[in-house]
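Everything on this sheet refers to the single structure shown next.
The values are calculated or read from the model by the stated rules, or taken from the named source; none is laboratory data. Quick caveat: nothing in here was measured; it's all calculated off a predicted structure. Positions of Cβ are backbone-derived with ideal geometry, glycine not excepted, and every protein chain shown enters the neighbour counts.
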């Protein structure tokens, strides 16, 4: 399904062979990934759990984002609130408006299910641009604190500043 299209950008549903394209592009820029994660995103879409969106810039896969119909993790888990998960724009395609258009599309998809959407964002500096973008788009911390390995990280509890150290945000859509 096509969600957006202009002269240079296409946003569409994920196809099976996108899992390898995304993984190869992420590996090429030094990210530590495995194809199984993207294969799972595609499977979840085919099972009706999510919408997996792919951005193509001038015919080349440039980014992706996933909207789960109900949050599976974090403070909103199983409360029927859509969750934006696993959002990325490849480095060479950044600052072209692709991330904003992916977020616009993801929020539109989420708004078909609920009046709000949530997401989790990592806290290390690799997520800095995403953190800034979410705040600019009106996302606010949900007040549940910092999460680590799927659980609230209690005050003074040990944790590691890796991809599993997360803060959750939400946004009213309508």
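Output the strands (runs of 3 or more DSSP E) that fall wholly within the range 1-73 and possess 2 or more residues being within 29 Å of residue 150 (Cα to Cα), or say none.
In the range 1-73, the matching strands (runs of 3 or more DSSP E) lie at 50-57, 60-68.
Here is a list of conditions, (1) in contact with a strand residue (DSSP E or B) (Cβ under 7 Å, 6 or more places away or on another chain); (2) more than 17 Å from residue 110 (Cβ to Cβ), and residue 66 meets all of them except one; can you say which number that is?
Failed condition: (2).
I'm checking my understanding of the structure. Among residues of the range 105-125 that are touching a residue at least 12 places away in the same chain (Cβ under 8 Å) and part of a helix (DSSP H, G or I), which one is surrounded by the fewest Cβ atoms within 10 Å (Cβ to Cβ)?
Residue satisfying both the conditions and the ranking: 108.
Would you be able to say whether some residue in the range 38-56 is at pLDDT 95 or above, farther than 23 Å from residue 111 by Cα and under 13 Å from the mean Cα position of the chain (by Cα)?
yes
Please go through the range 145-174 and give me each residue that is surrounded by 16 or more Cβ atoms within 10 Å (Cβ to Cβ) and in contact (Cβ under 8 Å) with a residue 60 or more places away in the chain, ordered by number.
147, 166, 168, 170, 171, 173 - these are the residues of the range 145-174 that are surrounded by 16 or more Cβ atoms within 10 Å (Cβ to Cβ) and in contact (Cβ under 8 Å) with a residue 60 or more places away in the chain.
Considering only residues of the range 74-95 that are in contact (Cβ under 8 Å) with a residue 60 or more places away in the chain and in a loop (DSSP other than H, G, I, E, B), which is surrounded by the fewest Cβ atoms within 10 Å (Cβ to Cβ)?
75
Restricted to the range 126-136, and to residues that are in contact (Cβ under 8 Å) with a residue 24 or more places away in the chain and surrounded by 14 or more Cβ atoms within 10 Å (Cβ to Cβ), which residue is farthest from residue 165 (Cα to Cα)?
That would be 133.
Test of understanding: among 54, 22, which residue is crowded, with 19+ Cβ neighbours inside 10 Å, under 21 Å from residue 126 (Cβ atoms), touching a helix residue (DSSP H, G or I) at 6+ places or on another chain (Cβ under 7 Å) and touching a residue at least 40 places away in the same chain (Cβ under 8 Å)? Show your work before the answer.
Working: 54 fails: under 21 Å from residue 126 (Cβ atoms).
Being crowded, with 19+ Cβ neighbours inside 10 Å, under 21 Å from residue 126 (Cβ atoms), touching a helix residue (DSSP H, G or I) at 6+ places or on another chain (Cβ under 7 Å) and touching a residue at least 40 places away in the same chain (Cβ under 8 Å) holds for just one of 54, 22, which is 22.
Given the conditions (1) over 21 Å from residue 21 (Cα atoms); (2) touching a helix residue (DSSP H, G or I) at 6+ places or on another chain (Cβ under 9 Å); (3) surrounded by fewer than 20 Cβ atoms within 10 Å (Cβ to Cβ); (4) free of Cβ contacts under 8 Å to residues at least 40 places away in the same chain, and given that residue 68 satisfies all but one, which numbered condition is not satisfied?
Looking at each condition in turn, residue 68 falls short on (3).
How about the range 161-174: which of its residues are assigned to a loop (DSSP other than H, G, I, E, B) and either modelled with pLDDT of 95 or more or within 10 Å of residue 123 (Cα to Cα) (or both)? Before you say what the answer is, go through the steps one by one.
First, the residues of the range 161-174 that are assigned to a loop (DSSP other than H, G, I, E, B): 161-164, 173-174.
Matches in the range 161-174: 161, 162, 163, 164, 173.
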